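The values are calculated or read from the model by the stated rules, or taken from the named source; none is laboratory data. Computed from a prediction, not measured in an experiment: that's the story for all the values here. Reconstructed Cβ throughout: ideal geometry from the backbone, glycine too, with neighbour counts over all protein chains shown. Protein only, heavy atoms only, side chains kept; ligands, DNA and RNA dropped before computing areas. Shrake-Rupley method; radii C 1.70, N 1.55, O 1.52, S 1.80 Å.
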Amino acid sequence: MINKNKMTKALSLTAGLLFSTSAFSTTWNVAVGDGGGSTQEALGIKFGELLTEKTSGKFKTQIFVNGQLGSEQDTVNDVALESLPFSIIASNNLAPFSPAVGLLSLPYIFENLDQTVQMINSPVAQDLNQRTIQDTGTRIVGWAYSGFRVLSNSKHPVKNLADLSDIIVRVPKNEIMIDTYKSWGNNPTPMAWSETFTALQQGVVDGQDNPYMTIYAMKFGEVQKYISDIHYLFSLEPMIMSESLFQKQDDATKAAILSAGKEATEYSLQWLKDRESKIKDELVNQYGMKIDAIEDEKEWVKKAQDAVWPKFYESVGGKDKVNALLKVLGRPLI
Ligand code: MLT
């Protein structure tokens, strides 16, 4: 699944970025796709604090926000190659390399926040991690909870499917998300996350979707006016670590990494709960954004689920994997 050309490029571009050592400690770099103040950054900071504490200062981390170490999808290659120790990215940007993770991008699979917590604490998450290690050479050590994705745009309010037809929407390079927009009669523009702000600013695209927290952290209010609460996906953002680097550590360090990741994940959940509704208000008060609900939501759900789910059963690992998740979420099986 990992692109060999990108591997070579990543090796040459990131040589020397892996870590720095002093007489007493090693500092591991952490790439973060989102800006400062994001859920990704909060997870990364907490993880670093916990790791340092649990290893009595033997390991530290240094965070690079805003895609400074490369686009989210490129960092997957870098982590696989061990030229970057950690990256925190959206699951939709891991899925092209680890198709199993596509399960989390099936439109409307999560109905509420509690279900995402059930998934993270279930054998389904462990299975996703095992398959990600096999397919990508990266290990998921923690998760950021970022919230349900909403659609933003600069053109006009989108309250129903007809309103969506003339909006040029940037989507991640993720087949499930591309097909979801197509099922709604829209022809989206796939684009790297790192290029999105400029594309919105220059009018190359009119809109994009991401959680409220991300829209705020990325300052999209400066270039976007309307938000539609489409909540078709919940953004879970894995913190991935190079599996080869993990395997080189002694047992105590491995245990410290895993428990720091688990505790940082729990912290991330509370961090989101404490902030999301205030941030939603900030988007209105600080930027004058206008937030609308969707009037014909049943149509959005039906079109996306009818067209997209069956098409991707095989790539996410089969209907059994979808049913295993639905069971954890307390939803009827398919
Ligand atoms: C994307 O839209 O590419 C990602 O979901 C953005 C993110 O990492 O927050």
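Brief remarks on what is shown
- Over the range 143-212, the pair-distance histogram of Cα-Cα distances with 5 Å bins from zero comes to 4, 16, 27, 28, 18, 6, 1, 0 percent, rounded to whole numbers.
- Local net charge near residue 253, Cβ-Cβ under 11 Å (Lys/Arg +1, Asp/Glu -1): +2
- Residue-normalised accessible area of the chain, expressed per residue, 1.4 Å probe, Å²: 41 Å²
- Of 46/173; 173/278; 182/302, pairs whose Cα-Cα distance is over 23 Å: 46/173; 173/278
- Local net charge near residue 91, Cβ-Cβ under 11 Å (Lys/Arg +1, Asp/Glu -1): -2
- Inter-site label distance for residue 195 and residue 117 at 7 Å from Cα along Cβ, in nm: 3.9 nm
- Our compactness index for the chain, the C-alpha radius of gyration over the empirical 2.2 N^0.38 Å, is 0.96.
- Rounded to the nearest whole Hz, the Karplus-based 3J(HN,Hα) values (6.51 cos²θ - 1.76 cosθ + 1.60, θ = phi - 60°) of the range 48-59 follow the sequence x, 4, 5, 5, 4, 5, 6, 9, 6, x, 5, 10, with x at glycine and proline.
- Centre separation in Å (Cα based) which lies between the range 84-160 and the range 229-267: 13 Å
- When peptides 260-272, 182-194 are ranked by their average number of other Cβ atoms within 10 Å per residue, the highest-first order is 260-272, 182-194.
- Extent along the principal axes, Cα only, for the range 171-305: 53, 34, 33 Å, with the longest axis given first.
- For the range 189-194, 3J(HN,Hα) per residue [Karplus equation, 6.51 cos²θ - 1.76 cosθ + 1.60, θ = phi - 60°, Hz, x = Gly/Pro]: 10, x, 7, 5, 4, 5
- Globularity index of the range 220-270, i.e. its alpha-carbon radius of gyration over 2.2 N^0.38 Å: 1.79
- Cα centre as origin, Lys/Arg/Asp/Glu Cβ charges: the range 188-272 dipole, Debye: 100 debye
- Under a 5 Å amide H cut-off, with hydrogens placed 1.01 Å from N, residue 235 pairs with 146, 147, 148, 149 among residues at least 5 apart or on other chains.
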